[in-house]
Every structure is written in C-alpha cells, then in structure tokens.
Amino acid sequence: AEYQPHVGDQDALKLTVAGTVQETGQVLAKELLVRLHTPELTLTLLGPAVVGQELPIQVVFQNPLPKALTGASLRMEGAGIACPKPLAL
C-alpha cells in the first residue's frame, strides 16, 4: 500500500544499494529488480470458437492485494481479435 501511489502501471521496483566497507574502503553497489506479484488468469471458453464470431469466455483471477478492486476493466488483445472492447469488472 505504501508504494502503490508511486508504482502506477509498473509491475516492478528497482532497488539500488551502495555502501563502503570500513576496513578496506571498498565501494560496493547492488541492484535488485523486484517483480510485483501479478495474478494468474484462467480463461475458459464458454462456447465453440468460430472464426469471425464472438466467443463468450470466463476469466477468473484472485486479487492478491488486501484492497478491493475499483474501476477495473479487462481488455484482451491478440492474433485474430479484431476489435477488443474493454469490459468493466
């Protein structure tokens, strides 16, 4: 929750740490890329897939955050999807 306002649509945080070893004066630096958990989507076809015809599907996922989703929408894109339409959740 603390980082949410700063992350926006990004799904990763890049952390950089630098320090000096007192005994040797050696400078060390390390970068770490932390990928935020993205929920797994399960897609189930609810009818026969026919070229050029709409196909109803069921999309299931679990919100990994302890906050309710508000203002969310789902948009699918891919080969053969002619005109993706956002669907309000």
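The values are calculated or read from the model by the stated rules, or taken from the named source; none is laboratory data. In this text the structure is predicted, and so the values were computed from the model without any measurement. Side chains included, ligands, DNA and RNA excluded: accessible areas come from the protein's heavy atoms. Shrake-Rupley method; radii C 1.70, N 1.55, O 1.52, S 1.80 Å.
Numerical summary
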{"quantity": "Added length on full extension, which subtracts the Cα-Cα distance from 0.36 nm per residue, T16 to T70", "calculated": "16.2 nm"}
{"quantity": "Shape category assigned to the range 12-88 from the gyration tensor of Cα positions, a/c cut at 1.5", "calculated": "prolate"}
{"quantity": "Average accessible area per residue (Å²) across the range 12-88 - probe 1.4 Å, nucleic acids and ligands excluded", "calculated": "90"}
{"quantity": "Integer Hz, Karplus 6.51/-1.76/1.60 couplings in order for the range 49-61, x for Gly and Pro", "calculated": "8, 10, 4, x, 10, 5, 10, x, 9, 10, 10, 10, 8"}
{"quantity": "Within the accessible area of the range 21-69 (1.4 Å probe), percent carbon and sulfur", "calculated": "59"}
{"quantity": "Long-range HN-HN contacts of L36 with modeled amide H, under 5 Å", "calculated": "A12, L13"}
